[in-house]
Amino acid sequence: QQQQTYEPLTESTAIELAKKLNLFSDQAVLQSTEIGDGNLNLVFRIVDQENNQSVIIKQALPYAKVVGESWPLTLKRATIESDALKIFKDIAPDFVPEVYFADEELAITVMEDLSHLIIARTGFIQGNDYPLLSAHLGKYLARTLFLTSDFGLKPAKKKELVGQFINPELCKITEDLIFTDPFFDAPTNNFEQELLKEVNQIWNDQQLKFQVALLKKSFLTDSEALLHGDLHTGSIFVSEEETKVIDPEFAYFGPIGFDLGQVIANLLFQAIANSEKREVIYNHIEVFWTTFVKDYEALWNSQNEEPLATTEGYLSFLLEKALKDAIGFAGCELIRRTIGLAHVADLDGIQDDTERIEAKRTTLSIGRELIVNRNQFTSIQQLLSSL
Ligand code: ADP
Ligand code: MG
Ligand code: MG
Ligand code: MG
C-alpha cells in the first residue's frame, strides 16, 4: 500500500480512507459526518447503515481548531492518543474504546463508535444522572495509575514508557492554561467583567500563587504514572450502564493527583451550578474516591513490583498524598475553567446572569480554598463537609 502524506480529511475523503483500510465490506454504502465538538481535532463518524456498522476516525489538525491556524500544534499528539488508548484498553478494557487502526503520518486514530453513549458533561447538564459513573472512574484510575507506575511496572519498562510519552507541546498547554495564565493578567484569560475584583484578588494573592507554583512543579517533575491528562467530563462517554474514557492526547507521566483532581473538579462544577444536585454529586465524589482507594489497595497488595511496598505506613502515606494533590489540582481546574481560556458549559450555560456570576464566584473561592488548604485534608468526607 502506498504511503499517504498528511492532509486534513473531509467527509468524502474520510469515506475513501475507510474503504482503502477495508474497514467495511466492499459493497457497503457509507455515510460520513464530521461530529467533532472538541477544540483541537476533526472527528468523523463513518456509517454503513444497511449492515449496522460504524467507526470513528479522529484526526489531529496541525493547529488548535479553537484558536485557528495561528496556534500551531504538533500532529504527534495523534500517536500519543492512539498509543495511550491501546495501553489503557489493555489495563482497563471495560472503560476504553477499542482502537482498530492508527497512522502516525496521517495523524489518525480509527476507533470504536460510542455514539450510543452521551458525553457525561452534556448528560449531566441535561439533568440526567449516571449512577455507576463514579465507581467506574475510580476503578479505571486505580488500574491506569497503579499499573503504569513504578509499583505496577519493572523500572526499565516504566522508563521506556516515560520516554515514549514525552509530550512537551500538549503538556505546555496545561502548564500555561491551568497553572500559569489564570494567575497573571495574561492575554489568554477570558472572564466576565463582574469578576474583575475576584480575579484581581487572585492575581495579588501570594499565598495562593506560592501553592500553585508547587502544584505546577509537581506537574512538571513528578513522573509517577501515565496520566490521561485531560480527564474532564467532556472526555467521558456514559450511559446508565457504561463508562468509556476517550481523548487521551495529553497523556504523559505525571503526578497521579492530576487525573484524580480533574475528575473531582468537573463533578464539582455540577454541584455548584445546581444546588439541588449537591447530595448526588457529593455522593459521586465520595464513591469515586473510595472505589479508587479500594481498587488501588488491592492492586498494591497483589501486583506490587516494589519490595519496600510492604513497609508499614507506606501505602497510606501515598494515598493521603494523592488526596491532598488531587484536592490542589482540583482547585486549579476550578479556577482556570472560570477565568482562563477554556470554559465549561456547566457554568457558562447558566442563563441567569446573577446566578451565573454567583456560581463563578463560588468556583473561584472554593478553588482557592482547595489549593491553599489541601494539606489539611485527610479524608474525602472531610473535603466534602468543608464545602
Ligand atoms: P478533541 O480532542 O478535539 O476534544 P474528542 O476526542 O474529545 O476530541 O472528540 C470530540 C467529540 O467527538 C466528542 O465529544 C464526541 O462527541 C465525538 N467523539 C469522539 N470520539 C468518539 C467515539 N469514539 N465515538 C463517538 N463519538 C466520538
Ligand atoms: Mg475532547
Ligand atoms: Mg469534546
Ligand atoms: Mg482532546
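FYI, it's all coordinate maths here, none of it is from the lab. A quick note: this is a predicted structure, and the numbers were derived from the prediction, not measured. Using ideal geometry, Cβ is built from the backbone for each residue, glycine included, and neighbour counts are taken over all protein chains shown.
Quick notes on this structure:
- Other residues with beta-carbon under 13 Å from the beta-carbon of Glu7 carry, at +1 per Lys or Arg and -1 per Asp or Glu, a net charge of -3.
- Converting the Cα gyration tensor eigenvalues of the range 11-112 into ellipsoid dimensions via √(5λ) gives semi-axes, longest first, of 23, 18, 12 Å.
- Residue with peak Gaussian network fluctuation, the chain [Cα springs, cutoff 10 Å], from Phe288, Phe329, Phe101: Phe101
- Legend: distances between Cα atoms for Lys76/Lys244; Lys58/Lys321; Lys86/Lys139; Lys172/Lys197; Lys209/Lys277; Lys76/Lys158; pairs beyond 25 Å are Lys58/Lys321; Lys172/Lys197; Lys209/Lys277.
- Distant alpha-carbon pairs in the range 298-353 (separation over 13 angstrom), percent: 72 percent
- Under the combined filter of DSSP loop state and at most 10 neighbouring Cβ atoms within 10 Å, the range 283-355 retains these GluC sites (Glu not before Pro): Glu312.
- Using C-alpha pairs below 8 Å separated by at least 6 residues, the relative contact order for the range 11-112 is 20 percent.
- Around the Cα centre of the chain, unit charges on the Cβ atoms of Lys, Arg, Asp and Glu (plus for the first two, minus for the last two) sum to a dipole of about 940 debye.
- For the range 45-179, the mean projected area of the C-alpha convex hull, equal to one quarter of the hull surface, is 11.0 nm².
- Value of D in µm² per second that Stokes-Einstein yields for the range 184-272, Kirkwood Rh from Cα pairs, at 37 °C (0.692 mPa s): 213 µm²/s
- Under a Gaussian network description of the chain, with springs only between Cα atoms under 10 Å, the residue in Asn52, Asn204, Asn128 that fluctuates furthest is Asn52.
- Each of Tyr282, Tyr296 was scored by other Cβ atoms within 10 Å of its Cβ. Listed from fewest to most, they are Tyr282, Tyr296.
- Computed per residue of the chain from DSSP H runs no shorter than four, each worth -39500 (n - 2.57), the mean residue ellipticity at 222 nm is -15500 deg cm²/dmol.
- Alpha carbon convex hull of the range 118-386, projected area averaged over orientations, nm²: 13.7 nm²
- Neighbourhood charge, 15 Å Cβ-Cβ cut-off, centred on Thr79 and excluding it, Lys, Arg +1 and Asp, Glu -1: -4
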